[in-house]
Structure formats: structure tokens, C-alpha cells
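First up is the structure itself, then whatever we jot down about it.
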Amino acid sequence: DTEVTQTPKHLVMGMTNKKSLKCEQHMGHRAMYWYKQKAKKPPELMFVYSYEKLSINESVPSRFSPECPNSSLLNLHLHALQPEDSALYLCASSPLVGTGNTIYFGEGSWLTVV
Amino acid sequence: AQSVTQPDIHITVSEGASLELRCNYSYGATPYLFWYVQSPGQGLQLLLKYFSGDTLVQGIKGFEAEFKRSQSSFNLRKPSVHWSDAAEYFCAVGAGGTSYGKLTFGQGTILTVHP
């Protein structure tokens, strides 16, 4: 059973707020990802964690701060966001970062910045 | 750099008709190819994947895809479409090595199913 759980499903925040998106998986996967999907666009990679360490940062602005407290959890801390950051944020996981590993996505968190 | 092209932005079919969604990729080495489906307001669900071996791969919900290296294509097919198949479909290519987690998606194809 493959399941990546994201909370909250919807978040509205002001530009001065600090909030966090949370992601959890209990499949024993050791790689976790954050993707961002703007309306009517495909997802784009933001961060990759491998064995709880950040391995890829796709030049994401520092107002997005990822955190991987353990192998099952991945957070995305949000601070001083802009309205153009409004999007669907997708968490994903795979057994490992490496060839042949399938990447499974969660349902996403809809973020609206006002 | 890898890239994916889905030539059809929107496809409309009648329920029960066959379906083929096109995907062309560009990648310098052996590609790792995926098809995902996304219903409105939802996340991405994996339909099928190709890593190596048999070039015809079977997926969930009756979908299949064929990898053709000579044409750099990975088209998705279904013999008989159901109304519940209406959604957006994304083809994606995965890089190898330490960049493996970086999926590059096509622009997506929206499928509408008429009764």
C-alpha cells in the first residue's frame, strides 16, 4: 500500500505569516521530495532529501525552508511568501534516490498567499 | 538536459472508444519513464513506469504504454475508455545517478470523455 499523507490540504496565509506544510510516509522510503505545481502547469522539483539529508535544492528562494526531522517526515516551512507562491505543493517519496526507484506522490497541499 | 513533449493539450473521446496519448522525450542515456494521472484538485497517481526490459508495460486501470527508443516515444494507450478516466495525464522522465529524483514532466494532456 503506497501512501504519502500531506497536511493541511488547504492553507491560506498572509505575506507576513509563518506556516508549515507537513508530509508523512510509512513505507520505509529513504528519499523524499517537494514539488510545486502552479495552476495549469506541470509539477516542478523544489527539494530532494536522501537519508534525511538535503541532496538537491533547485535554487528555491530562502522563504521556503525544508526540514526532514526523520525518515518518515518532511516539512516545508513558509515565511514571508508572495502571492505568486500560491500553488499546489506536492510531497513525494521513493525507496531510495537512485535508478529504478518509483516516486509516489501525495494528494498535495493547496497554498493561497494573500 | 532532459525534456518531455506531450503534443496534445486536450483530447476528447467517447466512452468505450480507444485512447492513445502521445509522449516524446529527450534524454542522453537510458530514460526512466513514467505516466501519472491527476484528477482535478488531486495529487498525482502513478499509472505505469518503464525502467528497462520489456518495452510494453502494463499499468493500473487497464492502461499500457510502449517504449520505442527509435522514436523517443512512450505513448499511453487504453483499449476502452471509461468516464472515470477523465483527468489530466502527465508523462515524465527521470534522470539517472544522483539526480534521479528530478522528474521532468510534459505539459500534460487533458482527457475529456463524452458519454
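No lab work stands behind these numbers, since they all come straight from the coordinates. This one's a predicted model, so the numbers in the text were calculated from it and none came from an experiment. Virtual Cβ from ideal backbone geometry, glycine too; neighbours counted across all protein chains shown.
Sort A:52-63, B:74-85 by the packing proxy (mean of other Cβ within 10 Å over each peptide's residues), most packed first.
Per-residue Cβ counts within 10 Å, averaged per peptide and sorted highest first, yield B:74-85, A:52-63.
Which Cys in chain A stand alone, with every other cysteine's Cβ at 4.7 Å or more from theirs?
Among the cysteines of chain A, those whose Cβ sits 4.7 Å or more from every other are A:Cys68.
Which entries in the list A:Lys53/B:Lys68; A:Lys41/B:Lys61; A:Lys36/B:Lys49; A:Lys9/B:Lys68 go over 28 Å, if you measure between the two C-alpha atoms of each?
A:Lys53/B:Lys68; A:Lys9/B:Lys68
With r defined as the distance between the Cβ atoms of B:His82 and A:Lys41 and R0 fixed at 22 Å, what FRET efficiency is calculated, to the nearest 0.05?
0.25
How large are Rg and Dmax for chain A when calculated on the C-alpha trace, in angstrom?
13.3, 41
Which FRET efficiency value, to the nearest 0.05, do you get for A:Ser20 and A:Glu52 by plugging their Cβ-Cβ distance into 1/(1 + (r/R0)^6) with R0 = 25 Å? Mind dumping the intermediate values first?
Values: r = 17 Å, r/R0 = 0.69.
The value I calculate is 0.90.
With no solvent and one point per C-alpha, what does the Debye sum give as log10 I(q)/I(0) for chain B at q = 0.21, 0.24 Å⁻¹?
-1.16, -1.47
May I ask you to work out the translational diffusion coefficient for the protein assembly as shown at 10 °C, viscosity 1.306 mPa s, via Stokes-Einstein with Rh from the Kirkwood sum over Cα pairs, reported in whole µm²/s?
Value of D from the Cα-based Kirkwood radius: 88 µm²/s.
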